[in-house]
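Reading through the structure tokens given below for one structure.
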Amino acid sequence: MPATWPCPGPAGLADEYVVVFDGARPVRLLIVPPLFEEMNRTRRFLVETQRQLDRLGIDSMLPDLPGCNESAQAFSAQSLGGWRTAMAAAARHFAATHVLAVRGGALVFPTRLPGWVLEPVKGTTILRQLLRARVLAAKEAGREENSADLLERGRNHGLELAGYHVGAALVAGLDAAVPEDEGQRVIGQSELGTGALWLRSEPGEDPAQSAALARIIAAEASA
Amino acid sequence: MTQTTEIDTTLRTLLSDVLGLTPVRAAALAADSGLFGALPELDSMAVASLLTEIEDRFDIMIDDDDVDGDMLGTYGDLLAFITRKRGEA
């Protein structure tokens, strides 16, 4: 169910959206979504996973990262540090007992919670992909750009990447960040089935994959 | 399985993942099947995801200069590119 929660951001507290299945049950899972395009590609997959978890007796919360989705905050003001603060605050606000970080979410999730990391990805990989998309788009438009120069400019002044105004702090943060999992269990795509939804060019869904993920979490949370 | 067959199988699977193809459609990809420019869903962001994943799965590095219509125009072009890069590695 859509709800809002008071989320800290660069300009103070802001009401941010969150999809919540809350039955005040013992296991409460905070889901930290992937970054950029992968967040859109996995949206239906993750919300369906929440529905499946709900049927298995597990509460879950999927907050928007500040600046993303319906957020009232500016994307250009965001940084990995800001997202870490926001997700740590969400964990406290919702009294999460476990965490699931998906792909780039592994760069910003609250590491104090036990839980799972699904196909974590390095910040440089995300950044490289965004830079490459920009270089390709420029090439199509008949302009020459290259990733190295763009990265240098982005680290100092920020950069427009795949339609996002990415601030200098976020560029620099991504260039250095590695998944932060500390003892959380890494789940591989092969455990969910074939066809990673975060790769899909047009956002798709696969209830079987959502069910597989929910079953893994339900089984291991109560183990 | 020869190395080329192995690359072919992995690349078909990867394209199915990116494009959401059914196994039947993925198996039907021929050397002259058009990719970039022929498939509207294969925009610059989708190509960027595809190339990153290709680097990952085939353990190769793709430079900005490598990426053009000759490399991504058809399934055969892309397969030949990866096979060549694998040979250099």
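Bear in mind these aren't lab numbers, they're just calculated from the coordinates by the rules spelled out. Everything numeric here is computed off the predicted structure, so don't read it as measured data. Methodologically, a virtual Cβ is constructed for each residue, glycine included, from the backbone with ideal geometry; neighbour enumeration extends over all protein chains shown.
Annotations for the structure displayed:
- Across every pair of non-identical alpha carbons in region A:122-178, the mean reciprocal distance, once inverted, gives a Kirkwood radius of 11.1 Å.
- Residue order, fewest to most beta carbons within 10 Å, for A:Val166, B:Val24: B:Val24, A:Val166
- Secondary-structure-derived ellipticity at 222 nm for the protein assembly as shown, considering helices only, amounts to -14000 deg cm²/dmol, per-run term -39500 (n - 2.57) for DSSP H runs with n ≥ 4.
- As a rough footprinting exposure proxy, the listed residues A:Ser190, A:Ser79 were ranked by other beta carbons within 10 Å of their own, and the order from fewest upward is A:Ser190, A:Ser79.
- Protection proxy ranking of B:54-66, A:209-221 - average other beta-carbon atoms within 10 Å, highest first: A:209-221, B:54-66
- Per-residue 3J(HN,Hα) values for region A:115-125, derived from phi via the Karplus relation 6.51 cos²θ - 1.76 cosθ + 1.60 with θ = phi - 60°, read x, 9, 10, 9, 6, x, 9, 6, x, 5, 5 Hz in sequence order (x marks Gly and Pro).
- Taking every Cα-Cα distance in region B:40-89 and sorting them into 10 Å bins from zero, the calculated P(r) comes out as 24, 64, 11, 0 percent.
- Net +/- balance of residues flanking B:Ile60 in space, Cβ distance below 10 Å, scoring K and R +1, D and E -1: -1
- Size of chain A from its Cα atoms: along the principal axes, largest to smallest, the extents are 54, 41, 30 Å.
- Packing order of peptides A:191-197, A:6-12, highest average first: A:191-197, A:6-12 (average count of other Cβ atoms within 10 Å over each peptide's residues).
- Efficiency of FRET from Cβ geometry, A:His157 and A:Arg92, R₀ 45 Å, rounded to 0.05: 0.85
- Given charges at beta-carbon only (K, R positive; D, E negative), |dipole| of the protein assembly as shown in Debye: 1020 debye
- For chain B, radius of gyration divided by Kirkwood radius, i.e. Rg to Rh on alpha-carbons: 0.92
- Sparse packing (at most 12 other Cβ atoms within 10 Å of the Cβ) combined with a DSSP loop state is found for the following trypsin sites (Lys or Arg not before Pro) in region A:81-151: A:Arg112, A:Arg143.
- For A:Leu118, residues with placed amide H under 5 Å, excluding near neighbours: A:Ala101, A:Val102, A:Arg103, A:Ile187
- Net +/- balance of residues flanking A:Ala101 in space, Cβ distance below 14 Å, scoring K and R +1, D and E -1: 0
- Environment charge at A:Ala223 (Cβ cut-off 15 Å; Lys +1, Arg +1, Asp -1, Glu -1): +1
- Remark: region A:70-77, residue by residue, has Karplus-estimated 3J(HN,Hα) of 8, 4, 7, 7, 6, 5, 5, 8 Hz, where x stands for each Gly or Pro and the curve is 6.51 cos²θ - 1.76 cosθ + 1.60 at θ = phi - 60°.
- Computed from phi, the 3J(HN,Hα) profile of region A:105-111 under the Karplus parametrisation 6.51, -1.76, 1.60 (θ = phi - 60°) reads x, 5, 8, 9, 8, x, 6 Hz, with x in place of Gly and Pro.
- Cα convex hull volume per residue for region A:1-105 (Å³): 86 Å³
- Ranked list, fewest to most other Cβ atoms within 10 Å of each Cβ, for A:Val186, A:Val117: A:Val186, A:Val117
- Cα-Cα separations in region A:118-223 greater than 18 Å, expressed as whole percent: 61 percent
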